[in-house]
Amino acid sequence: DGGITQSPKYLFRKEGQNVTLSCEQNLNHDAMYWYRQDPGQGLRLIYYSQIVNDFQKGDIAEGYSVSREKKESFPLTVTSAQKNPTAFYLCASSIAGTINIQYFGAGTRLSVL
Amino acid sequence: AQSVAQPEDQVNVAEGNPLTVKCTYSVSGNPYLFWYVQYPNRGLQFLLKYITGDNLVKGSYGFEAEFNKSQTSFHLKKPSALVSDSALYFCAGILTGGGNKLTFGTGTQLKVEL
């Protein structure tokens, strides 16, 4: 069953804690993306990666970090520096190059305890 | 500044009636535009895209979109709405110099009522 798997579905973060959101894809896509969704604001790009071992900051990278050690995996860490982490986080992937359809996972909802 | 805008936060339509969800864009070069749909607590699903060619683009689930260069619009349409079409719809665009990065509108909540 091909697709993008995000886990966990729900995540709670304590003050000062780093948490990591998982994103795995078996679509053999080179490019992967992380978005943050807040009500009334659409989706905003956090980080993206076009190829293994390379990634770039998106529009709202502060307080987040990523790694891309394997083609199929692109985990996102929400660090304690992110003061307002409560949001719905979406991972996507696409084939490399421009004008390609992005396919999305089901998302992780992060809340602060 | 380059952008994608959805001027309506919510659209209500009766089942069986035609629906339109509006999107306008501002890009400096040729626009590459997309529509996605999101059901509650789910990821986004691709509906259709405009790259070049025919101004009327047909997509999934009976949706279509009309690209209008003079009005800088890319409105999503469906001839006959279904209750199951109720969802959050996003217009998105690849802006000049943006690689494959999508810039999203703020979303329009579509509610189809019996």
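The values are calculated or read from the model by the stated rules, or taken from the named source; none is laboratory data. Note that this is a predicted model, so its numbers are computed, not measured. A quick note on method: Cβ atoms are made from the backbone with ideal geometry, for glycine too, and the neighbour counts reach across all protein chains shown.
Only strands (runs of 3 or more DSSP E) whose full extent lies in the stretch A:28-113 are considered here, and the ones with at least 1 residues that are under 20 Å from residue B:37 (Cβ atoms) and more than 9 Å from every other protein chain (Cβ to nearest Cβ) are A:31-37, A:87-94, A:108-112.
Considering the stretch B:49-69, and only residues there that are part of a strand (DSSP E or B) and free of Cβ contacts under 8 Å to residues at least 24 places away in the same chain, the residue that is nearest to residue A:44 (Cα to Cα) turns out to be B:49. All conditions in (1) more than 10 Å from chain A (Cβ to nearest Cβ); (2) modelled with pLDDT under 95; (3) surrounded by 13 or more Cβ atoms within 10 Å (Cβ to Cβ) hold for residue B:101, with the sole exception of (1). For the structure I just gave you, tell me whether residue A:24 is among the acidic types (Asp, Glu) and either at the interface with chain B (Cβ under 10 Å from one of its Cβ atoms) or in a loop (DSSP other than H, G, I, E, B) (or both). In short, no.
Quick one: would you say residue A:101 is over 13 Å from the mean Cα position of the chain (by Cα) and either surrounded by 20 or more Cβ atoms within 10 Å (Cβ to Cβ) or free of Cβ contacts under 8 Å to residues at least 24 places away in the same chain (or both)? Yes, satisfied. Among residues of the stretch B:69-98 being surrounded by fewer than 20 Cβ atoms within 10 Å (Cβ to Cβ) and farther than 18 Å from residue B:47 by Cβ, the one that is nearest to the other protein chains (Cβ to nearest Cβ) is B:98.
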